[in-house]
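Student: One structure follows; several queries about it will come next.
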Amino acid sequence: MRLSFSELRERALEGRPPLELHVTFSPSERVYARPEVRNVTPARFDGSAWWEDGAIYLAGTLSFAARLVCVRCLSEFERSFRVSVDETFRRGAPPASAEDLPVRELVEWVEEDAFDLLPHLEDWLILSLPDRPLCREDCKGLCPVCGKNLNEGPCGCKVEAVDPRLEALRALLVPEEPDGHPS
Ligand SMILES: [Zn+2]
Ligand SMILES: [Zn+2]
């Protein structure tokens, strides 16, 4: 799926409406750069693109589902995403200083008249994946003693309630792993 500055400009100058876009794409290996991301379904983008004053504007919604690993309990879970996409493309090289921009906007600079839309949509997909996926907001995580998933119920281990002041004292008394503590 390619967008072209000259084509969209012509379209705008002829007074035609924005170009409607309905695109489905399979994410590339790039989305699996992080181990918490296990599987991403084909993504769908519904939106439009139009030319105005030398720039291409893209707006719409990106929908997909991902299988993620919870950082607390390490279980896999599925989540659906609907992401609002709003992006501006300008031709050429980015200006040396942000003050040279005509308006304060997030701009993607592209060299060619026509460029592939999919890598940009995929950037939106990657950015919308959570940094620290949680299967649910109040995930109880794993028992530090027996490793049981505490979302499935208590395990019966005796985990001492830790007084934060005592914990600070313990950190001073018990040397941690030697690396990271240069003497
Ligand atoms: Zn969890
Ligand atoms: Zn336990």
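Student: Pairs under 8 Å by beta carbon, first residue closer than 17 Å to Glu78 by Cα in the stretch 106-133, partner assigned to a strand (DSSP E or B) and open to solvent by 60 Å² or more (accessible area, probe 1.4 Å), six or more apart or different chains?
Tutor: Listed pairs, sorted by first residue: Pro133/Arg79.
Student: Then there's this: If I filter the stretch 60-77 for residues that are surrounded by 14 or more Cβ atoms within 10 Å (Cβ to Cβ), within 30 Å of Leu134 (Cβ to Cβ), β-branched (Val, Ile, Thr) and more than 16 Å from ligand 2 (Cβ to nearest atom), do I get at least one hit?
Tutor: So far as the stretch 60-77 goes, yes, one or more of its residues are surrounded by 14 or more Cβ atoms within 10 Å (Cβ to Cβ), within 30 Å of Leu134 (Cβ to Cβ), β-branched (Val, Ile, Thr) and more than 16 Å from ligand 2 (Cβ to nearest atom).
Student: So, in the stretch 133-153, how many residues would count as being loosely packed, with under 15 Cβ neighbours inside 10 Å and near ligand 2 (Cβ under 8 Å from one of its atoms)?
Tutor: Total meeting the criteria: 4.
The values are calculated or read from the model by the stated rules, or taken from the named source; none is laboratory data. Because the structure is predicted, anything quoted here is derived from the model rather than measured. Using ideal geometry, Cβ is built from the backbone for each residue, glycine included, and neighbour counts are taken over all protein chains shown. In case anyone asks, the SASA skips ligands and DNA or RNA and just uses the protein heavy atoms, side chains included. Shrake-Rupley method; radii C 1.70, N 1.55, O 1.52, S 1.80 Å.
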